[in-house]
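The values are calculated or read from the model by the stated rules, or taken from the named source; none is laboratory data. Quantities reported herein were computed from a predicted structural model and do not represent experimental measurements. Every residue, glycine among them, receives a Cβ derived from its backbone with ideal geometry; neighbour counts consider all protein chains shown.
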């Protein structure tokens, strides 16, 4: 059984619990975590608090981060959060990291079509700080020697799972 630390998103949490994993979640507002399960630990805190992040990550075998910017402001909370996650993982000897990023964050091996280039330009123009935060996040993950996976998703929701 794997103990998986997650940051928010109900579907990710419920899927991990259904698979039999022990799950620790960092939540600003624990009451929003509607799930109740003996294998779920919800710790009140914020991703900007390195001590809280370490508390959640400490006994994990893997970490999954679904952090995402909530506003287009130069706050860079996601990249700050991933820095705390990486530091906590290093301190506790945890190797496996899964991180979600927006679909607009390019990958070096991409071969974008014209529409993808337009979409990317729109994101960089209209959501400059969101884009910069995610680029900083991905760059920080890529710079580690962790066993990482970056999943690029257009949008995560708490809607029912759709298998495609």
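Selection of segment 67-91 for residues being more than 16 Å from residue 45 (Cβ to Cβ), in contact with a strand residue (DSSP E or B) (Cβ under 8 Å, 6 or more places away or on another chain) and modelled with pLDDT of 95 or more yields 86, 89. Mind checking which residues of segment 76-114 are in a loop (DSSP other than H, G, I, E, B) and either out of contact with any helix residue (DSSP H, G or I) (no Cβ under 9 Å at 6 or more places or on another chain) or under 16 Å from residue 138 (Cα atoms) (or both)? If the condition is that a residue be in a loop (DSSP other than H, G, I, E, B) and either out of contact with any helix residue (DSSP H, G or I) (no Cβ under 9 Å at 6 or more places or on another chain) or under 16 Å from residue 138 (Cα atoms) (or both), then 76, 93, 103, 104, 105, 106, 107, 108, 109, 110, 111, 113 are the ones that fit.
Scanning segment 28-43 for residues that are at pLDDT 90 or above, over 16 Å from residue 85 (Cα atoms) and in contact with a helix residue (DSSP H, G or I) (Cβ under 9 Å, 6 or more places away or on another chain) turns up 37, 39, 40, 41, 42. Of all the criteria given as (1) farther than 30 Å from residue 40 by Cα; (2) exposed (fewer than 14 other Cβ atoms within 10 Å of the Cβ); (3) out of contact with any helix residue (DSSP H, G or I) (no Cβ under 6 Å at 6 or more places or on another chain), the one not satisfied by residue 129 is (2).
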